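First up is the structure itself, then whatever we jot down about it.
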Amino acid sequence: MDSNSLSYSLDFIACSGRILNIEQRTALQTSMLILKKSYNFKRVMFWGKLLGIKQDYFIAQGRSEDELKNRTYLYSFNCMDWLLLPAVTETMIEEVTKTAKGHFIGDPSYVYEQNLYFPIETEEEAEINVTRVSEENRLAVTIQQIDEEVSVVPRGAFIRTPLGLVHVNRSFEGLSESEARKLDNFLHFREPKRANTLYLERMGDWCPAIDFLDVLSDDIPKGSWSLQFECASRVCVLRSLLWFGLTFYHVPNTPQHGYIYIGNGLKNRDLPFML
């Protein structure tokens, strides 16, 4: 959610139970202005809140000239003091996948350990490989995974320039109510991973400047999104069933849209058996 519209954006998803108290809202509005100036971000987004056993992580996202690349993530416990998260690497993803399990503790210095036992011929020659990963690294990997798999924008909200940069589409006036009722008009806000052949066949008004992202309706398994109209049918709300806690909203016929994640950071791996 854009920090400039955070106050009323949170009200649109309040019916989902994703709320912040007045103290947290006030602190975020103030501290994000400071973040934007201190780190020279073009825009600052409130990404969400990741629930921990001891403390909760509040997450902010800084964006540069290209909205799709070079994103910076920061976390805070009090919505005022922010710390940078490390850049995610392939090695980090592999270590977190193997080692970190269960709920977040709420302590970035907490270390997860996994002992791997490799028997050879004799017990004396057996090797024990210990893998360690900090919760701070796990936090960075989890945020990237959620953004890669379930971040959402409406079709036409962003454009790709001839230079390849992705910018906010200033002429975007929102989806119509009938368009907002179709998953075809909602896209993953990440680098495209699938060929949009089937999507292009369905869309008669295809435009390469705005149709460069993957479509939600092509997600596997089918049925991993819940689309509803709430607030007296004035707001379109999308919820992910793969990552419980991800909520997206869009007000039809207006450019207002955004998403937020408030959850425990655990992926719903049972989804294929629930559909």
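Assorted remarks:
- Exactly one residue out of Lys49, Lys42 is farther than 18 Å from Gly263 by Cα and of a type in the set (D, E, K, R): that is Lys42.
- Filter pass, Trp206 being of a type in the set (Phe, Trp, Tyr) and at pLDDT 90 or above: no
- Close Cβ contacts (under 9 Å, 6 or more residues apart or on different chains) running from residues in region 1-15 that are more than 12 Å from Glu230 (Cα to Cα) to residues that are of a type in the set (D, E, K, R) and assigned to a strand (DSSP E or B) comprise Asp2/Arg43; Ser3/Arg43; Asn4/Arg43; Ser9/Asp2.
- When the residues of region 209-233 are filtered to those that are more than 14 Å from Glu179 (Cβ to Cβ) and assigned to a strand (DSSP E or B), the one that is modelled with the lowest pLDDT is Glu230.
- Breaking point among (1) surrounded by 17 or more Cβ atoms within 10 Å (Cβ to Cβ); (2) touching a strand residue (DSSP E or B) at 6+ places or on another chain (Cβ under 6 Å); (3) over 19 Å from Gly258 (Cβ atoms); (4) in contact (Cβ under 8 Å) with a residue 40 or more places away in the chain, for Val88: (2)
- Annotation for region 124-143: no member residue is part of a loop (DSSP other than H, G, I, E, B) and either modelled with pLDDT of 85 or more or open to solvent by 60 Å² or more (accessible area, probe 1.4 Å) (or both).
- Region 40-78, subset of a type in the set (Val, Ile, Thr) and free of Cβ contacts under 8 Å to residues at least 60 places away in the same chain, residue farthest from Phe104 (Cα to Cα): Val44
- Exclusive hit being modelled with pLDDT of 90 or more, in contact with a strand residue (DSSP E or B) (Cβ under 6 Å, 6 or more places away or on another chain) and among the basic types (Lys, Arg), set Lys54, Lys36: Lys36
- Scanning region 15-56 for residues that are open to solvent by less than 40 Å² (accessible area, probe 1.4 Å) and more than 16 Å from Ser76 (Cβ to Cβ) returns a single hit, Ser16.
- Residue in region 86-93 that is at pLDDT 90 or above, under 17 Å from the mean Cα position of the chain (by Cα) and closer than 30 Å to Val251 by Cβ present: no
The values are calculated or read from the model by the stated rules, or taken from the named source; none is laboratory data. Note that this is a predicted model, so its numbers are computed, not measured. Backbone-built Cβ (ideal geometry, glycine too); neighbour counts: all protein chains shown. These accessible areas exclude ligands, DNA and RNA; they are computed on the full protein's heavy atoms, side chains included. Shrake-Rupley method; radii C 1.70, N 1.55, O 1.52, S 1.80 Å.
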